[in-house]
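The structure appears below as structure tokens.
The values are calculated or read from the model by the stated rules, or taken from the named source; none is laboratory data. As the structure is a prediction and not an experimental result, all values here were calculated from the model. Note that we place each Cβ from the backbone using ideal geometry, even for glycine, and neighbour counts take in every protein chain shown.
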């Protein structure tokens, strides 16, 4: 018997399971496949590392043999170029090794793992979940207080959901050879886009993202259609004669968000709740983030049920916001190609472009700001909103403003309400930062003041500088 049963051991499931075990719950993790296994999502965005560190899982990256990413070859709307990151913040991973390391780390935190084991069904009975499981040809039952569905897209398949972008199919294959590229390559085609990923294990993954209807209309079998696509790109340029290591595969890559990702006794994580457009290359980061926040939501539901409504609202709104922000970003990115080349494929991916975008940041003029008297905008207000606070979700005062997509309770690790309540008009940014010195360093205070100015929360004051210190 387990307090929490997690179904699926991808990054979302393993991170959630590890975090729930850290919070003192008994956790059982059920995974259908044997590890290591083949998985897409081999590019880790820079935000993954601090998220894993927050959960005590940062060692999994090095243990999986991840390769630091310095350069990416890009051929997009502006033509061919090389993007370089001297800090090497991005990573390339063998997802088979990476997922295995995350699972083993979760086991190290006390998570019980059943693998390979298949969940046949789960339903509520007598206030608890009864989960039917099959392993090694034997069927059994598990009881749990809470269920987390982390089965990826298969977990979302039967759930009511909203599409958050154009229909997209990812067609891909792995290659081995002696002259394969040593850096990732992303390229815009006439009616598709391409992504090449050299993995730490020596394989090279080539992907084509296409309109599924157009691919079907092309005729022929999947392998022939894929090879014809790849031949139009630079993915295999100067690669000699590499050998394909397996069949050509195709998976759905359409973005969506599930309407109801959480209730009082269950939660959806990762792609079972939210899938973002693959152009962002941040699917793993999104999955880990949902697991970490989802664990706090689940912990609140289990231990502080009187806060269930705000915990559910927090998680639902967080996913909806993430879906919308990714949709807008992807539309702008695709829109650059649509503007340069046109074409139905690209235009279909620009829906919602230019709507409710973040305001442009004003140039930071340190000398001018140092002498500028400021005050709170009359449009700024503090409102109660659900937010993460330690191990639970709680309602806290948050900053609301027309230029903010949603109220903000914390910024840079600081609660905003205590900083803004009673802030007198007429202070300069430096004076404001000094007034906050009991809560934040001067450097942090100046950074917070700068952000508030750019968002229109702090505006020029009619009161003289220093009039009400």
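Each row is one residue, and each column tells you yes or no for (1) closer than 19 Å to residue 281 by Cα; (2) modelled with pLDDT under 90; (3) outside the structural domain of residue 412 (by TED's automatic domain parsing).
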| site | (1), (2), (3) |
| --- | --- |
| 48 | yes, no, yes |
| 54 | no, yes, yes |
| 58 | no, yes, yes |
| 73 | yes, no, yes |
| 76 | yes, no, yes |
| 79 | no, no, yes |
| 84 | yes, no, yes |
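At least 1 residues being surrounded by fewer than 18 Cβ atoms within 10 Å (Cβ to Cβ) and in contact with a strand residue (DSSP E or B) (Cβ under 8 Å, 6 or more places away or on another chain) is the threshold, and among the strands (runs of 3 or more DSSP E) wholly inside the range 9-114 those reaching it are 67-69, 71-76, 79-84, 112-114. Taking the range 195-214 as the range and being farther than 15 Å from residue 176 by Cα, surrounded by fewer than 19 Cβ atoms within 10 Å (Cβ to Cβ) and out of contact with any helix residue (DSSP H, G or I) (no Cβ under 6 Å at 6 or more places or on another chain) as the test, the residues that pass are 212, 213, 214. Residues in the range 166-188 that are touching a strand residue (DSSP E or B) at 6+ places or on another chain (Cβ under 8 Å) and part of a loop (DSSP other than H, G, I, E, B): 168, 177, 180, 181, 182, 183, 184. For residue 251, state whether it is crowded, with 18+ Cβ neighbours inside 10 Å, in contact with a strand residue (DSSP E or B) (Cβ under 9 Å, 6 or more places away or on another chain) and under 22 Å from residue 281 (Cβ atoms). Spelling it out, it is not the case that residue 251 is crowded, with 18+ Cβ neighbours inside 10 Å, in contact with a strand residue (DSSP E or B) (Cβ under 9 Å, 6 or more places away or on another chain) and under 22 Å from residue 281 (Cβ atoms). Of the residues making up the range 431-450, not a single one is on the phi > 0 side of the Ramachandran plot and touching a residue at least 12 places away in the same chain (Cβ under 8 Å). Only one entry in 69, 103, 40 is in contact with a helix residue (DSSP H, G or I) (Cβ under 6 Å, 6 or more places away or on another chain) and either outside the structural domain of residue 197 (by TED's automatic domain parsing) or under 30 Å from residue 333 (Cβ atoms) (or both), namely 103. Annotation: residue 151 fulfils all but one of (1) modelled with pLDDT of 95 or more; (2) under 22 Å from the mean Cα position of the chain (by Cα); (3) surrounded by fewer than 19 Cβ atoms within 10 Å (Cβ to Cβ); the unmet one is (3). Close Cβ contacts (under 9 Å, 6 or more residues apart or on different chains) running from residues in the range 84-96 that are in contact (Cβ under 8 Å) with a residue 40 or more places away in the chain to residues that are surrounded by fewer than 21 Cβ atoms within 10 Å (Cβ to Cβ) and part of a helix (DSSP H, G or I) comprise 89/49; 91/49; 91/61; 93/61.
Residue count for the range 154-165 under the criterion of being in contact (Cβ under 8 Å) with a residue 24 or more places away in the chain and outside any helix (DSSP H, G or I): the result is 7. For the range 261-268, the criterion of being surrounded by fewer than 16 Cβ atoms within 10 Å (Cβ to Cβ), assigned by TED's automatic domain parsing to the domain that holds residue 128 and out of contact with any strand residue (DSSP E or B) (no Cβ under 8 Å at 6 or more places or on another chain) is met by at least one residue.
Does any residue of the range 312-320 turn out to be under 17 Å from residue 77 (Cβ atoms) and surrounded by 16 or more Cβ atoms within 10 Å (Cβ to Cβ)?
Let us first name the residues in the range 312-320 that are under 17 Å from residue 77 (Cβ atoms), namely none.
No, because not a single residue in the range 312-320 is under 17 Å from residue 77 (Cβ atoms) and surrounded by 16 or more Cβ atoms within 10 Å (Cβ to Cβ).
Among the listed residues 460, 439, which satisfies the condition of being touching a strand residue (DSSP E or B) at 6+ places or on another chain (Cβ under 9 Å) and more than 24 Å from residue 402 (Cα to Cα)?
On the way: 460 fails: more than 24 Å from residue 402 (Cα to Cα).
Just a single option satisfies the conditions, and that option is 439.
Any chance the range 115-122 includes a residue that's touching a helix residue (DSSP H, G or I) at 6+ places or on another chain (Cβ under 9 Å) and either at pLDDT 95 or above or not assigned by TED's automatic domain parsing to the domain that holds residue 278 (or both)?
From the range 115-122, those touching a helix residue (DSSP H, G or I) at 6+ places or on another chain (Cβ under 9 Å) are 115; that's our starting set.
This time we only want the ones that are either at pLDDT 95 or above or not assigned by TED's automatic domain parsing to the domain that holds residue 278 (or both), so: 115.
Yes.
Here is a yes/no grid of residues against (1) under 32 Å from the mean Cα position of the chain (by Cα); (2) in the same structural domain as residue 324 (by TED's automatic domain parsing); (3) closer than 20 Å to residue 293 by Cα:
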| position | (1), (2), (3) |
| --- | --- |
| 372 | no, no, no |
| 387 | yes, no, yes |
| 408 | yes, no, yes |
| 419 | yes, no, no |
| 423 | no, no, no |
| 428 | no, no, no |
| 441 | yes, no, no |
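Based on what the data block shows, is residue 319 at pLDDT 95 or above, within 19 Å of residue 149 (Cβ to Cβ) and touching a strand residue (DSSP E or B) at 6+ places or on another chain (Cβ under 8 Å)? Considered against the rule, which asks whether it is at pLDDT 95 or above, within 19 Å of residue 149 (Cβ to Cβ) and touching a strand residue (DSSP E or B) at 6+ places or on another chain (Cβ under 8 Å), residue 319 comes out as yes.
Hey, among 176, 224, which residue is surrounded by fewer than 18 Cβ atoms within 10 Å (Cβ to Cβ) and without any contact (Cβ under 8 Å) to a residue 60 or more places away in the chain? Walk me through it before giving the result.
Details: 176 fails: without any contact (Cβ under 8 Å) to a residue 60 or more places away in the chain.
Criteria check complete, one pass: 224.
Consider residue 190 carefully, then state whether it is exposed (fewer than 15 other Cβ atoms within 10 Å of the Cβ) and closer than 30 Å to residue 145 by Cβ. Here the answer is no, as residue 190 does not meet what is asked.
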